[in-house]
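Shown next, in structure tokens, is the structure this report addresses.
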């Protein structure tokens with residue numbers, strides 16, 4: 001049975017996105033979700049870990065089990081991710097090698113490695129198009145740097161505009177702002193704005209900037225959104241996602 005939602009003659013693809021924390025969950029609900037919903041893709045964010053988890057993806061084996069749990073839970077849907085490259089432990093597939101790669105190959109390498117690992121573990125009957133890993137380079141706060149004017153307006157700190165502008169102009173795009181503990185986008189923001197709170201100011205800023213501007217400024221993010229948009233026009237076959245003998249999630253607890 002094909003369990004995609006129907007609105008008139010339009011079929012709505014259902015997508016679950018695993019996110020690191022509350023900020024990303026709000027971003028999907030407030031910014032990404034309405035955009036995709038209008039284009040035939042219904043996306044719902046779910047934070048990694050147990051209820052009350054403070055955020056962060058942690059080591060890969062735990063995340064691997066959670067990814068598989070979601071894929072096995074609803075075999076008619078698509079699963080994607082919104083994880084930061086910055087702070088991702090070395091236990092994640094491809095992460096060690098990716099550290100030495102140039103932008104944007106870092107994220108692409110890890111995404112490919114995660115996809116290969118999950119697809120292999122799920123077995124040959126698993127449709128690989130059901131899983132679309134996305135790793136944000138270098139982290140969510142890269143999106144916040146898209147528009148320095150809007151950021152300073154949201155934070156009511158116009159006197160900081162020149163500082164933010166200088167950082168933004170040092171890089172071809174915000175995703176290239178690097179990922180060291182001193183210079184990652186989030187670390188820079190906290191040094192400039194001692195009252196910055198990502199769950200509030202990060203979400204408000206990106207919402208006001210708007211998804212089209214975020215996509216123009218951040219190519220890897222744009223690639224991900226394009227993949228999700230394209231799901232609306234793809235026909236994966238009647239009930240094809242529900243077929244197949246996939247492993248139970250207990251397979252990954254061994």
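The values are calculated or read from the model by the stated rules, or taken from the named source; none is laboratory data. This one's a predicted model, so the numbers in the text were calculated from it and none came from an experiment. Every residue, glycine among them, receives a Cβ derived from its backbone with ideal geometry; neighbour counts consider all protein chains shown.
The requirement of being in a helix (DSSP H, G or I), surrounded by 17 or more Cβ atoms within 10 Å (Cβ to Cβ), in contact with a helix residue (DSSP H, G or I) (Cβ under 9 Å, 6 or more places away or on another chain) and touching a residue at least 24 places away in the same chain (Cβ under 8 Å) is satisfied by residue 150. For region 120-140, the set of residues classified as within 24 Å of residue 75 (Cα to Cα) and in contact with a strand residue (DSSP E or B) (Cβ under 7 Å, 6 or more places away or on another chain) consists of 130, 131, 132, 133, 134, 135, listed by residue number. Per the conditions (1) within 21 Å of residue 142 (Cβ to Cβ); (2) at pLDDT below 95; (3) part of a helix (DSSP H, G or I), the sole criterion not satisfied by residue 112 is (2).
Is there a residue being surrounded by fewer than 21 Cβ atoms within 10 Å (Cβ to Cβ), touching a strand residue (DSSP E or B) at 6+ places or on another chain (Cβ under 7 Å), free of Cβ contacts under 8 Å to residues at least 60 places away in the same chain and not in a loop (DSSP other than H, G, I, E, B) anywhere in region 48-65? So far as region 48-65 goes, no, none of its residues is surrounded by fewer than 21 Cβ atoms within 10 Å (Cβ to Cβ), touching a strand residue (DSSP E or B) at 6+ places or on another chain (Cβ under 7 Å), free of Cβ contacts under 8 Å to residues at least 60 places away in the same chain and not in a loop (DSSP other than H, G, I, E, B). The one condition from (1) part of a loop (DSSP other than H, G, I, E, B); (2) touching a residue at least 60 places away in the same chain (Cβ under 8 Å) that residue 202 does not meet is (1). Scanning region 79-107 for residues that are within 26 Å of residue 231 (Cβ to Cβ), touching a residue at least 60 places away in the same chain (Cβ under 8 Å) and under 14 Å from the mean Cα position of the chain (by Cα) turns up 79, 80, 81, 82, 83, 84, 85, 107. Among the residues of region 157-173, those identified as part of a helix (DSSP H, G or I) and out of contact with any helix residue (DSSP H, G or I) (no Cβ under 7 Å at 6 or more places or on another chain) are 159, 162, 166, 169. When residue 99 is tested against the conditions (1) buried (at least 22 other Cβ atoms within 10 Å of the Cβ); (2) at pLDDT below 95, the lone failure is (1). Considering region 174-194, the residues that are surrounded by 20 or more Cβ atoms within 10 Å (Cβ to Cβ) and in a loop (DSSP other than H, G, I, E, B) include one that is modelled with the lowest pLDDT, namely 179. For region 153-163, check the following and say yes or no: at least one residue is under 23 Å from residue 23 (Cβ atoms), modelled with pLDDT of 95 or more, under 22 Å from the mean Cα position of the chain (by Cα) and buried (at least 22 other Cβ atoms within 10 Å of the Cβ). Within region 153-163, none of the residues are under 23 Å from residue 23 (Cβ atoms), modelled with pLDDT of 95 or more, under 22 Å from the mean Cα position of the chain (by Cα) and buried (at least 22 other Cβ atoms within 10 Å of the Cβ). Residues that are part of a helix (DSSP H, G or I), buried (at least 19 other Cβ atoms within 10 Å of the Cβ) and either touching a helix residue (DSSP H, G or I) at 6+ places or on another chain (Cβ under 6 Å) or on the phi > 0 side of the Ramachandran plot (or both): does region 71-86 have at least one? Within region 71-86 (the criterion being part of a helix (DSSP H, G or I), buried (at least 19 other Cβ atoms within 10 Å of the Cβ) and either touching a helix residue (DSSP H, G or I) at 6+ places or on another chain (Cβ under 6 Å) or on the phi > 0 side of the Ramachandran plot (or both)), the answer is no, since none of the residues qualifies. For region 132-145, state whether one or more residues are surrounded by fewer than 22 Cβ atoms within 10 Å (Cβ to Cβ), outside any loop (DSSP other than H, G, I, E, B) and either at pLDDT 95 or above or more than 17 Å from the chain's Cα centre (by Cα) (or both). Within region 132-145, one or more residues are surrounded by fewer than 22 Cβ atoms within 10 Å (Cβ to Cβ), outside any loop (DSSP other than H, G, I, E, B) and either at pLDDT 95 or above or more than 17 Å from the chain's Cα centre (by Cα) (or both).
Flag not set for residue 124, criterion: surrounded by fewer than 17 Cβ atoms within 10 Å (Cβ to Cβ), under 17 Å from the mean Cα position of the chain (by Cα) and over 29 Å from residue 171 (Cβ atoms).
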